[in-house]
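Here the structure comes first, spelled out in structure tokens, and everything after it is commentary.
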Amino acid sequence: MFSPRKFDPELEKLRDEVSGPPNLDTVLLRIQKLSSQVHASYLFENEGKPILQKLCLLLSATSTGKMYADWKDFAAHLGLLGEQIRCIDHDFKGLEDPTYYVLLTYVQSPEATLDKILTTLTKIERMDIINRIKDSVTDFIGNLFSNKSTDHNMEILRPKITPKAPLVLSPMLQIIVAPNELINTSQGVSHITRNDNKRRNTCPIYGSVVILTFANDGVECANKITKIFRSTVPKIGVLMLNEQEKYVYSRGIEFVDDCFKQVDYIIPILTKDYIKQINSPVNLYSHGNGTLDTKYLKYMYSLLRYEYIRQDCCNSRVRCIVPDNEMKNIVNSDLHPTLQAWFRESDIEVFTERILLKKF
């Protein structure tokens, strides 16, 4: 027989005085309801930085393979692309901790509300973090609403300025590939939607998307090719910078970079002026004597050469077209390897078939 258990009155008194563990499910529901109206970019404001610091400390301090999920799981559940997660892991070490860049990427979205961060922490079973930040989040939201004269049921509270993210961590741009149509590949899904004020109808998926680059004497050829590509079945989406003045003038090189990354093929139209431009030490079209396509010709050429080097001298996306009357000039030119894969303009039907099959 066991002897009766002896109780220490003082110890039992202390036990009664200590409150039990918090019901995190109840706490979470209450916080999520309020935080669904707060944009997460407030974390980068002075009043939100204590919460940002705790999130970064608790997630970035967790090693891969331990009991708890780390910042990579957090990033994946927040919707970051695999390429973005790898960029953070490989290219941003020493600048800020990884969780900082995960959250910086996340807040670039207009729908990036604070409650989704809490939901993500729940999905990756990091209730320990929620327990550590719950009081700070509650106080932060309370102070935020008390200082804002806003109908809480009508809109999301957001700061005046969203912190700027590096280009690779920014949302992929929507690019126009035909009049009144745009393509959005931000989540790796290529689909076309009609861009009008009345409605947005889903259109058939494009067989391929290309960007043309050409000099002044290649404009006529570029227009002919664009008309042919946009009339094929399925259509070939054609990106021309001159059709996108709004984006080029507002974002310039950043916009060109994004477009270059998204298209399936880059198509230089090789002409006498094109060769002269790429071999010139200065930009011949930088002083108002050319279209936007001609002004960015030299920069586009630098992008395709850089990609060629990064791919171990493999040309996978650059396919050129040579107008028939330019054949003599091009054959006698010393071309960069990326420009040596070309078709005659008269062979445009074969070229179009290859583009659609994506077999070169």
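Every read-out reported here was derived from the displayed coordinates using simple, explicitly stated rules and does not represent laboratory data. This one's a predicted model, so the numbers in the text were calculated from it and none came from an experiment. All Cβ positions, even for glycine, are placed from backbone atoms using ideal geometry, and neighbour counts span all protein chains on display.
Table for the structure above
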| read-out | value |
| --- | --- |
| Inter-label distance, nm, simple model (7 Å from Cα along the C-beta direction), residue 86/residue 61 | 3.1 |
| Spin-label model distance (nm) - residue 306 vs residue 354, 7 Å beyond Cα toward Cβ | 2.7 |
| Full-extension gain in nm, residue 147 to residue 128, via 0.36 nm per residue minus C-alpha separation | 3.9 nm |
| Interchain or long-range residues, amide H under 5 Å from residue 213's placed H | 267, 269 |
| Local net charge near residue 324, Cβ-Cβ under 9 Å (Lys/Arg +1, Asp/Glu -1) | -1 |
| Cα→Cβ-extended label distance, 7 Å offset, between residue 53 and residue 336, nm | 4.8 |
| Per-residue ³J(HN,Hα) for region 327-341, Karplus 6.51 cos²θ - 1.76 cosθ + 1.60, θ = phi - 60°, Hz, x for Gly and Pro | 4, 5, 5, 6, 4, 8, 8, 8, 9, 4, x, 5, 9, 8, 9 |
| Exposure proxy ranking, count of Cβ atoms within 10 Å, fewest first, for 169, 239 | 169, 239 |
| Distant-in-sequence amide H partners of residue 344 (H built 1.01 Å from N, under 5 Å) | 322 |
